[in-house]
1. Consider only pairs whose beta carbons are under 9 Å apart and that are at least six residues apart or on different chains; among these, list those whose first residue lies in the stretch 19-37 and is over 23 Å from PHE51 (Cα atoms) and whose second residue is surrounded by 10 or more Cβ atoms within 10 Å (Cβ to Cβ) and hydroxyl-bearing (Ser, Thr, Tyr).
2. Go through ALA72, ALA11, ALA54, ALA46 for me and flag whichever is modelled with pLDDT under 90 and more than 20 Å from the chain's Cα centre (by Cα).
Amino acid sequence: MPLRKILLVIAIAAVIVLYFALDLGRWFSLDAFKAQQAAIESWRAAQPLKFVRAVIRSWCCVGQPVSTGIRAGKAQKQEPRRSGVLLSEGGCAS
């Protein structure tokens, strides 16, 4: 068996072992997701402005696509696109 396949099997086995060792089933269950959804909805209803600010911040940090500058199979140097949102030096609004 090639080394690559052995490493893949080891990695999958490690993920399974960690799932049970760290009891991640409590976080990845339907009940946990529903409880978290209810908590987020109650927080959104109580503080709508903070919720909107948190959504905008998460969009700024995660949701923006980055241009690779590759078109028609030719690599071109291109600056990443900037949106109208001002970001701090760290690259994420704080």
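1. These pairs meet every condition: GLY25/TYR19; PHE28/TYR19.
2. Numbers: ALA11 fails: modelled with pLDDT under 90; ALA54 fails: more than 20 Å from the chain's Cα centre (by Cα); ALA46 fails: modelled with pLDDT under 90.
Of ALA72, ALA11, ALA54, ALA46, the one residue that is modelled with pLDDT under 90 and more than 20 Å from the chain's Cα centre (by Cα) is ALA72.
The values are calculated or read from the model by the stated rules, or taken from the named source; none is laboratory data. Just so it is clear, the model here is predicted, and its values are computed rather than measured. Please note: Cβ atoms are built from the backbone with ideal geometry, for glycine as well, and neighbour counts cover all protein chains shown.
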